[in-house]
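Report on the structure given below.
All of the numbers you see were taken from the coordinates with simple rules; none came from a lab. Bear in mind the structure is a predicted one, so any value in this text is a computation, not a measurement. Quick reminder, even Gly has a Cβ in these numbers, built from the backbone with ideal geometry, and neighbours come from all protein chains shown.
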Amino acid sequence: MKIGVCVNFTSMEEMPEKLAKVRAQGFDSCQLIAWAPTLWTAENAATLKALFTEYGVHISAFWCGWEGPQEWNFYEGQTTLGLVPPEYRDMRVKNLCDGADFAKAMGITDVVTHMGFIPENPNDPQYVPFCDAVRTVALHLKENEQYLLFESGQETPVTMLRCFETVGTDNLGVNLDTANVILYGRANPVDALYVIGKYVRGLHAKDGCYPTNGHDLGEEKAIGQGMVDFPTLIRKLHELGYTGYITIEREIFGEQQALDICAARDYLKSLIDEVTGGALC
């Protein structure tokens, strides 16, 4: 298991400083997060690939955003997020395919996104059209020899598993966000591994608490201050044979974000060392 960190790509001008910070914090891998399709150009792909090579940072996955409204709560989130809302579906299928092509140009195999609040009822009239849209994206990525990873949280693990079975391609996987399943009140990440563990190809190491009302998500916390049982999680991942990336995500800004990321790095390394005997890879 290798420890990395999330890096947001919002402009080319900021990237050298961001990569220098990644290295200064002791990381040599990251997930690259990008929400603006206007940045996904061939020129930017070539420049980024060279820049990451120069700084010695490996991109473990490309986190691909999409256009249109986004509300991160239990009400408006149902009608704005991912491929679920029919009025945005075609546009976002194109976004994800374009983002995958951008990632391919940089040699990135895994493409991650939030799919939205997948209907839990397979008889819901939007369930099959949603799965058809996922299949369209997955088949495009299959041509690119890439995997499409669902960022966990907005659906139960069983709902995600059912979607994988319905879509039926062999290039679907999970980016398990350890906090999101808690923040959305869907599961806890250790139990989720019993359902979707064999599909996990990436991980966001993040912590948080369960929701306290029916409208808003739970509150994200620094790793070790929330409800995620990281010692048991790391042990279970090891039992499943997971040797991939554990990517720290801390969704705050400023000096405290850097402090929390470095503290998480040291904590997670100690847990990995305990279960692997010090073999990170």
Give the distance, in whole Å, between the Cα centre of the stretch 77-103 and the Cα centre of the stretch 172-193. 21 Å
Can you pull the percent of Cα pairs in the stretch 2-276 with separation above 26 Å? 39 percent
Taking the Cα centroid of the stretch 21-53 and of the stretch 230-281, what is the distance between the two, rounded to the nearest whole Å? 22 Å
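Express in % the proportion of alpha carbon pairs of the stretch 34-138 at distances exceeding 16 Å.
Working: 3245 of 5460 pairs.
Roughly 59 percent, rounded to a whole number.
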Would you mind calculating the gained length between Cys262 and Thr47 on full extension (0.36 nm times residue separation, minus the Cα-Cα distance), in nm to one decimal? 74.6 nm
Could you list Val57, Val111, Val275 in order of exposure, starting from the residue whose Cβ has the fewest other Cβ atoms within 10 Å? Val275, Val57, Val111
Theoretical gain in end-to-end length, Tyr55 to Asn121 [0.36 nm per residue, Cα-Cα removed]: 19.1 nm
Highest mean first, what order results for 145-154, 191-200 on Cβ atoms within 10 Å? 145-154, 191-200
So what is the 222 nm mean residue ellipticity for the chain from helices alone, if each DSSP H run of at least 4 adds -39500 (n - 2.57) and you divide by all residues, rounding to the nearest 500 deg cm²/dmol? -13500 deg cm²/dmol
What FRET efficiency comes out for the pair Met91/Asp273, r = Cβ-Cβ distance, R0 = 51 Å, nearest 0.05? 0.70
Cα-projected label distance for Thr169 with Tyr210, points at 7 Å along beta-carbon direction, nm: 3.6 nm
